[in-house]
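The values are calculated or read from the model by the stated rules, or taken from the named source; none is laboratory data. Note that this is a predicted model, so its numbers are computed, not measured. Methodologically, a virtual Cβ is constructed for each residue, glycine included, from the backbone with ideal geometry; neighbour enumeration extends over all protein chains shown.
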Amino acid sequence: MVHSFIEALDMLRSFYNSPISINSSYRSPRHNALVGGAPLSRHKMGDAADIGIVGKDKEEIRRIAEKMGGWNGVGLYNSFIHLDRRERKATWGSW
């Protein structure tokens, strides 16, 4: 795992003063392929996570993460939000 990623995730947790549920974080190339992950998935690079925070709306989490900075990859899905630390902005999912 990338240290700056872990620190940024902890800052988000501290902001909400609430646990973060991590559905998926680092994936080996084999596991990533088995779960249908993208070939260039940031999960394989150790700077991505699919998360949820109990009682918090995904759109709110997205807004706070963007205000904190550094979360350039943001994807919204039915049951979680994907955050990663890629270099360029990218968004996807059910906005």
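What are the pairs with Cβ atoms under 6 angstrom where one residue, in the range 73-84, is in contact (Cβ under 8 Å) with a residue 24 or more places away in the chain and over 14 Å from LYS56 (Cα atoms) and the other, located anywhere, is in a strand (DSSP E or B) and charged (D, E, K, R)? Sequence gap at least six, or different chains. That search, which allows pairs on different chains as well, returns GLY73/ASP84; HIS82/ASP50. Can you name the residue in the range 8-26 that is over 13 Å from the mean Cα position of the chain (by Cα) and without any contact (Cβ under 8 Å) to a residue 24 or more places away in the chain and is also surrounded by the most Cβ atoms within 10 Å (Cβ to Cβ) among such residues? Going through the qualifying residues, I end up with SER14. One residue stands out among those in the range 59-72 that are touching a residue at least 60 places away in the same chain (Cβ under 8 Å) and surrounded by fewer than 19 Cβ atoms within 10 Å (Cβ to Cβ): the one that is nearest to ILE6 (Cα to Cα), which is GLY70. Taken over the range 27-58, the residue count meeting the criterion of being in a loop (DSSP other than H, G, I, E, B), modelled with pLDDT of 95 or more and surrounded by 12 or more Cβ atoms within 10 Å (Cβ to Cβ) is 4.
Yes/no per residue for (1) touching a Leu at 6+ places or on another chain (Cβ under 7 Å); (2) assigned to a helix (DSSP H, G or I):
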site: GLU60; (1), (2): no, yes
site: ALA65; (1), (2): yes, yes
site: ASN78; (1), (2): no, no
site: THR91; (1), (2): no, no
